[in-house]
Amino acid sequence: MTSKFLRSILAIAVLSMTSAWAQASSPAAPAGAAASSADPAPTTPIATGTGSKLGTINIEQAVMGSNEGQRDFEALRKKLEPKQNELKAQNDELEALQKQYQTQNDKLNEDAKANLQKQIDSKKKLFDRAVQDAQEDFQNQQKEIFQRILQKMAPVIVKHAQQGGFALVMDTSNPWPQSPLLWYGEQGDITKAVVDIYNAQSGIPAPATTGTTVPRPAAPKPAAPKPTTPPSK
């Protein structure tokens, strides 16, 4: 994430952050110009470009590839390692029981087979639940990190686009047809420029052991073993 989970919040998050920033940066109303209750409600300013260039940015790559993103997602990965190891141990135990059932099936009496199958079903139920809880916890923490960084990065994106003479900047995190952007060239991509500016403003150094990009954190979900069904008589 992941990736679909992250992408599901991109459009809403970017629009809300950039609109809020544009509203905050718009000129204040003159003193004494308060409207009466009969006046129409003021219109919320919309962030629009005055230039003529068209640009693109990969929001997901920008957030996760920033120094802050690399640092925080790596910290999350390490934080979840104990739980991932715990799930792997449960998975190994479950696979061992299934293998035992398959290899000893013809040597066990009905009671022994029923008892072993009951153990397998019980442990698989606990394992599936543990995996689901771990996945939800991972997604919630990942979402918190992503939104926190995006909230600070959104003004950087808007300012860079305005200063660069862009009339429109589109997010390329989602490939077509998930997004309306069918094709784009690299000439108008501002992802690296935004990341460089954000890194300089944040003052967070680049991780010593990684490059400029970071792989997406892997969800703590080992492959679940297939359930075993006793052979029918």
Criterion violated by residue 116 - all others in (1) of a type in the set (A, V, I, L, M); (2) outside any loop (DSSP other than H, G, I, E, B); (3) closer than 27 Å to residue 68 by Cα satisfied: (3)
Breaking point among (1) within 30 Å of residue 116 (Cβ to Cβ); (2) modelled with pLDDT of 50 or more, for residue 197: (1)
Residue ID - modelled with the highest pLDDT, chosen from residues in the stretch 167-191 that are surrounded by 15 or more Cβ atoms within 10 Å (Cβ to Cβ) and assigned to a helix (DSSP H, G or I): 191
Failed item, numbered, when residue 144 is tested on (1) touching a Lys or Arg at 6+ places or on another chain (Cβ under 7 Å); (2) under 29 Å from residue 66 (Cα atoms); (3) of a type in the set (Asp, Glu): (1)
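Residues checked against (1) modelled with pLDDT under 95; (2) among the aliphatic types (A, V, I, L, M); (3) surrounded by 20 or more Cβ atoms within 10 Å (Cβ to Cβ); (4) in contact with a Ser or Thr (Cβ under 9 Å, 6 or more places away or on another chain):
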{"residue": "52", "(1), (2), (3), (4)": "yes, no, no, no"}
{"residue": "59", "(1), (2), (3), (4)": "no, yes, yes, yes"}
{"residue": "75", "(1), (2), (3), (4)": "no, yes, no, no"}
{"residue": "78", "(1), (2), (3), (4)": "no, no, no, no"}
{"residue": "82", "(1), (2), (3), (4)": "no, no, no, no"}
{"residue": "85", "(1), (2), (3), (4)": "no, no, no, no"}
{"residue": "89", "(1), (2), (3), (4)": "no, yes, no, no"}
{"residue": "103", "(1), (2), (3), (4)": "yes, no, no, no"}
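The values are calculated or read from the model by the stated rules, or taken from the named source; none is laboratory data. The structure displayed is predicted, hence computed values, not measured ones. Here Cβ is always computed from backbone atoms with ideal geometry, including for glycine, and neighbour counts include all displayed protein chains.
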